[in-house]
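The values are calculated or read from the model by the stated rules, or taken from the named source; none is laboratory data. Everything numeric in this text was worked out from a predicted model, so none of it was measured. Every residue, glycine among them, receives a Cβ derived from its backbone with ideal geometry; neighbour counts consider all protein chains shown.
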Amino acid sequence: MRSHELAIDKGRVELGPNLLSGVSLPAAVVHEAPLAHNLMWMQRFAEAHGAQLAPHGKTTMTPALFHRQLQAGAWGITLATAPQCRAAFANGITRILMANQLVGQANMAIIASLIEQGLRFTVWSIAMRTYASLKILH
């Protein structure tokens, strides 16, 4: 097969033993039916227990999946670092839970800038000194 033909075939869905033929590895394979099932199951589970869901986005860093989770009813997306928050916000995610300490002036400046641009930001664990520094930057 010529390289031009491989480029055309690369994005096409294939089933069977040749699923990854012609794909640049490593690559994740996500099957639509299980994904849709898991999105709805987890959202129903959270709602049945009075919880708001903020799925971890740091594992996939896939904005299309973030939007699917939000459309299914998730409250927001959980991330671990300021650059991850910036990347998610740049892709339309406006409500983020950061499950990590916000440390360092550069990271605080990133988050302060995102808040000024409309990010709804929640941090899971924050020292009062960090909170005071973030308020000064904002």
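Assess whether residue 93 counts as being part of a loop (DSSP other than H, G, I, E, B), buried (at least 17 other Cβ atoms within 10 Å of the Cβ) and either in contact with a helix residue (DSSP H, G or I) (Cβ under 8 Å, 6 or more places away or on another chain) or free of Cβ contacts under 8 Å to residues at least 40 places away in the same chain (or both).
On the way: part of a loop (DSSP other than H, G, I, E, B): yes; buried (at least 17 other Cβ atoms within 10 Å of the Cβ): yes; either in contact with a helix residue (DSSP H, G or I) (Cβ under 8 Å, 6 or more places away or on another chain) or free of Cβ contacts under 8 Å to residues at least 40 places away in the same chain (or both): yes.
Criteria met by residue 93.
What are the pairs, 6+ residues apart or on separate chains, where a residue within segment 40-54 that is in contact (Cβ under 8 Å) with a residue 40 or more places away in the chain has its Cβ under 8 Å from a residue that is polar (S, T, N, Q)?
What qualifies is 54/78.
Quick check on residue 78: is it at pLDDT below 95 and closer than 25 Å to residue 108 by Cα? Break it down stepwise before answering.
Values: at pLDDT below 95: no; closer than 25 Å to residue 108 by Cα: yes.
No.
Give all pairs with beta carbons closer than 6 Å in which a residue from segment 99-115 that is touching a residue at least 12 places away in the same chain (Cβ under 8 Å) and of a type in the set (S, T, N, Q) meets a residue that is surrounded by 19 or more Cβ atoms within 10 Å (Cβ to Cβ) and assigned to a helix (DSSP H, G or I); count only pairs at least 6 apart in sequence or on separate chains.
107/82
Quick check: is even one residue across segment 40-47 in contact with a helix residue (DSSP H, G or I) (Cβ under 6 Å, 6 or more places away or on another chain), at pLDDT 90 or above and either buried (at least 17 other Cβ atoms within 10 Å of the Cβ) or on the phi > 0 side of the Ramachandran plot (or both)?
Narrowing segment 40-47 to residues in contact with a helix residue (DSSP H, G or I) (Cβ under 6 Å, 6 or more places away or on another chain): none.
Looking through segment 40-47, none of the residues is in contact with a helix residue (DSSP H, G or I) (Cβ under 6 Å, 6 or more places away or on another chain), at pLDDT 90 or above and either buried (at least 17 other Cβ atoms within 10 Å of the Cβ) or on the phi > 0 side of the Ramachandran plot (or both).
Could you tell me which numbered condition residue 69 fails, if it satisfies all but one of (1) of a type outside the set (A, V, I, L, M); (2) in a loop (DSSP other than H, G, I, E, B); (3) over 14 Å from residue 121 (Cα atoms)?
All conditions pass for residue 69, except number (2).
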